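Input: a single structure, listed below in structure tokens.
Bear in mind these aren't lab numbers, they're just calculated from the coordinates by the rules spelled out. Since this is a predicted model, take the numbers as computed values, not measurements. Cβ placement follows ideal geometry from the backbone for every residue including glycine, while neighbour counts extend to all protein chains displayed.
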Amino acid sequence: MADMATAVSGNGGVAFLVSAGIVYEIIAAACSSPQTTEINAKARSNTLMKWVHIGIGQAAIFIAAAAIIDKKHRTEIIAGGTLAGVLMYGQYVHAKDSGLRNGGPGTETY
């Protein structure tokens, strides 16, 4: 597990933010928003979560590559990417579960 205290100290803040930002960007490129996931969970939860998993995998590849390339900021890169991945994954899981549990009208018609 990444050392968060080290990650946010010194000059590693930029690397931390870039690492976190790339996770959010990659997942956003592959998925609908957590809000859309919740609204349309009954119709598309399996497909939506498939793309969340693909996005997490893609993000992990980029974070690993950045950590290998930038040894000086490796801790910050891994910490930022890990934190963003955990937070985004949690949001999508919550959105899916809430949408399946609470229902409501979706935004799509078939």
Using alpha-carbon pairs under 8 Å, 6+ residues apart, how would you state the relative contact order of the chain in percent? 44 percent
Put a dot 7 Å past each Cα toward the Cβ at Q58 and D70; how far apart are the dots in nm? 2.0 nm
Options H94, N46, I27, ranked by Cα towards positive dipole end of the chain, top entry (Cβ charges): N46
Per DSSP H run of at least 4 residues, take -39500 (n - 2.57); add these up for the chain, divide by its residues and hand me the 222 nm value, nearest 500 deg cm²/dmol. -26500 deg cm²/dmol
When the Karplus curve 6.51 cos²θ - 1.76 cosθ + 1.60 is applied with θ = phi - 60°, which whole-Hz ³J(HN,Hα) does each residue of segment 56-66 get, with x for Gly and Pro? 4, x, 4, 4, 4, 5, 5, 5, 4, 4, 4
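Give, to the nearest whole percent, the P(r) tail of segment 11-102 beyond 19 angstrom, counting all Cα pairs.
Value for segment 11-102 (Cα pairs over 19 Å): 40 percent.
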